[in-house]
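The structure under discussion appears below in the form of structure tokens.
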Amino acid sequence: MKELFFEYKRDGKITEALIVGQNMFNKSPGDRECFEPYFLLLAELASEGETDQRSSFLQQAMAAIAAFSESTDLTKEAVEYIREKEALMEDTYNKIEAEKERLKRGFIKEKIQFNDDALSLIEKLLSQLNSVNSDGEFEKIIKKLGDVDSSIDKEYLSERQLTKYSELTRTSSSLVSGKMAFFENERNKEYNLKAIEAYEKVFNMFKDNEILDSHKEIIKNLFVFDASRLYNETLVYYNHVYNYILSKLSDDDKFLLTKYAILSEKRGSR
């Protein structure tokens, strides 16, 4: 059995060597000649490689020590031998934990650096957002901000970064609200300009006696604008035009005009 174990080990077939070693040891758990080759292989595997694998081999080695100490005939020399192997495992355990801590610190350092870069990018995007003048650019930057924010691992934000993140979040909220109000106002300005231009066109046609049956569709345009989006100034002008038109119409045409006003579909309603 031992010859097969060493053959596998010599050939680099570690999985096979472990299978044979475990079988050999389990059959004679108190036999040092069966324990030691198997234990030393586990100790060797626990001393190098990835920490998770090392921890697994360490646990197997410690289990082997426990089984050996329960099964072997104990003498002073045997106790010293067992303590020596336990000390080796304790040292290996400390090294594994130190490596885990080193990797953890490195991982956290990378996270903090990544988050620093992300926060800097958010700050840059907010600066761009502050100067944007079109809906299209606004939406692009908002999407980028969302993507960058999603990439930040909030769990690894340092206290300094949390403070910065909170400040940027408040700034972002204020900027977005302000820009949305700005673009809404711009859209309403354009809407009101179109409305007064339409009103003026109808007013001038009535004023110049150019209204014919073929122009009745134009009159309908007087009513396509949503009053809830119109400024007070626009409504004043609308009332002026509407009252002027009413003063020029017969009773039948006044009825027809009122009907148009009721039935017209409003353009750009909220």
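Any idea which of (1) exposed (fewer than 14 other Cβ atoms within 10 Å of the Cβ); (2) more than 22 Å from T75 (Cβ to Cβ) is the one M24 doesn't satisfy?
In the conditions (1) exposed (fewer than 14 other Cβ atoms within 10 Å of the Cβ); (2) more than 22 Å from T75 (Cβ to Cβ), M24 misses (1) alone.
Search the range 75-86 for residues that are within 12 Å of E36 (Cα to Cα) and pair each with any residue that is surrounded by 15 or more Cβ atoms within 10 Å (Cβ to Cβ) when their beta-carbon atoms are under 6 Å apart and the residues are at least 6 apart or on different chains.
Short answer, once both residue conditions are applied: I82/S69; K85/I65.
So if I check each of K124, K179, K154, which one is modelled with pLDDT under 95 and loosely packed, with under 15 Cβ neighbours inside 10 Å?
Values: K124 fails: modelled with pLDDT under 95; K179 fails: loosely packed, with under 15 Cβ neighbours inside 10 Å.
Only one candidate passes the filter, namely K154.
Here are some residues: A87, A46. Which one is loosely packed, with under 11 Cβ neighbours inside 10 Å, over 30 Å from D147 (Cα atoms) and of a type in the set (A, V, I, L, M)? Walk me through how you get there before you give the answer.
Details: A46 fails: loosely packed, with under 11 Cβ neighbours inside 10 Å.
The match here is A87.
Quick one: which of I19, I108, I65 is in a helix (DSSP H, G or I) and within 30 Å of K164 (Cα to Cα)?
Details: I19 fails: within 30 Å of K164 (Cα to Cα); I65 fails: within 30 Å of K164 (Cα to Cα).
Checking each option against the conditions leaves just I108.
The values are calculated or read from the model by the stated rules, or taken from the named source; none is laboratory data. All values reported here derive from a predicted model rather than from experimental measurement. Note that we place each Cβ from the backbone using ideal geometry, even for glycine, and neighbour counts take in every protein chain shown.
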